[in-house]
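This report refers to the structure that appears directly beneath it.
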Amino acid sequence: METWQTRAVDWFDRHSGRLFVLPASLLILAFSIFPLIISAWLALSRFKLGSEGYELIFVGWNNFRKLLFGSEQYHLLGTFMPTSWLGWLIVAAAIVLIGWGIRSFVTSGHVTVMGTIGRLIAFGLFAALAWLFAATIGDKGQIGSLSTTIFYVFLGVAIQFVIGAGLAFLCSLRIRGRSFFRVVFFVPLMVTPVGIAYTFRMMADMTVGPISPLWHWLGLGGFSWATNAWSARLVVVLGDSWQWIPFMFLVMLAAFESQPKDELEAAELDGASGFQIFVDITWPSVAPVAATIVLIRMIEAFKIVDLPNVLTNGGPGIASESLTLHAFMQWRALDLGASAAISYVLLFTSTIICVSFFNFVVNPARRARQ
């Protein structure tokens, strides 16, 4: 006869795995959810210091309203000016890409309600960002911290992937000294972001820096990159790229070297050229890995704060401030409500962009490989 003790032992045996993992899962969940709840309350409140401590005054959407439509609009979104020819070119390119995306989705035969809603949100954000760049990128305009962050993410990750994947492909070939280059390309990943920022700050010094003689020889000694908005942003992108190219290199090197050798040898025996082998065999096999590491780097790049803080302190003015640095500046000024609101703008934007990238790039690459 089966007793309740026997049933309890059987139940514990069946669910032992979940029970052992449950305490750690609850702990991690608590540390994840608690900051979200507190930051959401801060985003809807105003932090006020008083003689007896501090006070949180509920203000609703006022912090978001100030960022999007009020006195802090220039800081988050930028200064709006009449659209230039470059702005109209950005709008035209966005319309073409959105039209192509809609057509691909409609003709795919997998139209669902959730898929339609997700794509409408993604296309809507993409159109809004394109319009934002078009309205602020002119001669008299100025992009805000949101557009600056998008610039860091897309240009920086693109540079890192192209160079990292290219170096990985070269080191996967049978070339002399490839073991030495593998070690050298890995070194920047071991340096702290603050150390990299100070290194690039020294190298970019056009008066006493190590490359200042070359700069003066080229007749560019009078140029100060720190006083120009776009050159300051580009220096931040270069520093970030130098730090994270090794990550792309390592992962892509592992992907290139894990290819089935029999497929490559069969293609060589059939007389295929190196370019044909790369396009038809190598790239399809590493595409899922490539899409995944680009997604990982995009998530990390949205949080960039060390380099713009040390290199330019967000300057000139606020030209090189990322969203994370913008939130940090507001936090340092004890405007915790605005800081939390900026963080939620970053969370909303990065989530939609990264989820869209996963659905539009990572998943198709995996399905193509299967």
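The values are calculated or read from the model by the stated rules, or taken from the named source; none is laboratory data. This is a predicted model, so every value here is computed, not measured. Ideal geometry is used to build each Cβ from the backbone, glycine not excepted, and the neighbour counts take in all protein chains shown. Ligands, DNA and RNA are stripped out before the accessible areas are found, and what is left, the full protein with its side chains, is counted by its heavy atoms. Shrake-Rupley method; radii C 1.70, N 1.55, O 1.52, S 1.80 Å.
I'd like the FRET efficiency for Val21 and Trp100, computed as 1/(1 + (r/R0)^6) with the beta carbon distance as r and R0 of 41 Å, rounded to 0.05.
0.40
Using a Gaussian network for the chain with springs between C-alpha atoms less than 10 Å apart, which of these wobbles most: Phe161, Phe249, Phe348?
Phe348
Looking only at GluC sites (Glu not before Pro) in DSSP loops with at most 12 other Cβ atoms within 10 Å, what is the longest site-free stretch of the chain?
Of all site-free stretches, the longest is 53-370.
With the full set of protein chains in place, find how many percent of the accessible area of the stretch 187-305 is carbon and sulfur; take the probe as 1.4 Å.
Carbon and sulfur: 69 percent of the exposed surface of the stretch 187-305.
I'd like the projected area of the chain, averaged over all directions, using the convex hull of its alpha carbons. Report it in nm² with one decimal.
Quarter of the Cα hull surface area: 31.2 nm².
In straight Cα distance, which lysines are under 27 Å from Lys140, not counting same-chain residues fewer than 8 positions off?
Result set, ordered by chain and number: Lys66.
Starting from the amide H of Ser45, placed 1.01 Å from N in the peptide plane, find each other amide H under 5 Å away whose residue is 5 or more places distant or on another chain.
Amide H to amide H, under 5 Å and 5 or more residues apart or across chains, Ser45 pairs with Val59.
At a probe size of 1.4 Å, how large is the accessible area of Lys261, to the nearest 10 Å²?
Lys261 has an accessible surface of roughly 110 Å² with all protein chains in place.
So if the hydrodynamic radius of the stretch 166-211 is defined as the Kirkwood radius over C-alpha pairs, what does Stokes-Einstein give as its diffusion coefficient at 25 °C and 0.890 mPa s, in µm² per second?
After rounding, the answer is 192 µm²/s.
What is the Cα centroid distance between the stretch 158-220 and the stretch 88-116, reported in whole angstrom?
When both Cα centres are located, 38 Å separates them.
Per residue, how much accessible area does the stretch 242-307 show when a 1.4 Å probe rolls over the protein heavy atoms, in square angstrom?
Dividing the accessible area of the stretch 242-307 by its residue count gives 49 Å².
If I require 30 Å or longer along the helix axis, counting alpha carbons, and a Kyte-Doolittle average no lower than 1.0, what helices from the chain are left? Use full DSSP H segments.
16-43, 85-107, 113-136, 145-172, 229-257, 336-357
When the helices in the chain are scored as -39500 (n - 2.57) per DSSP H run of 4 or longer and the sum is shared across all residues, what 222 nm value do you end up with, to the nearest 500 deg cm²/dmol?
Rounded to the nearest 500, the figure is -22500 deg cm²/dmol.
Carbon and sulfur atoms: what percent of the 1.4 Å accessible area of the stretch 1-81 do they account for?
70
Lys48: which aspartates and glutamates have alpha carbons under 15 Å from its alpha carbon, excluding same-chain residues fewer than 8 sequence positions away?
Asp335
Considering the options Ser356, Ala333, Pro308, tell which one lies farthest towards the positive end of the dipole of the stretch 264-370, charges being +1 on Lys and Arg and -1 on Asp and Glu at the Cβ, about the Cα centre.
Ala333
Projecting each Cα onto the charge dipole of the stretch 1-119 (Lys/Arg +1, Asp/Glu -1 at the beta carbon, about the Cα centre), which of Ala43, Leu22, Ser84 comes out farthest on the positive side?
Ser84
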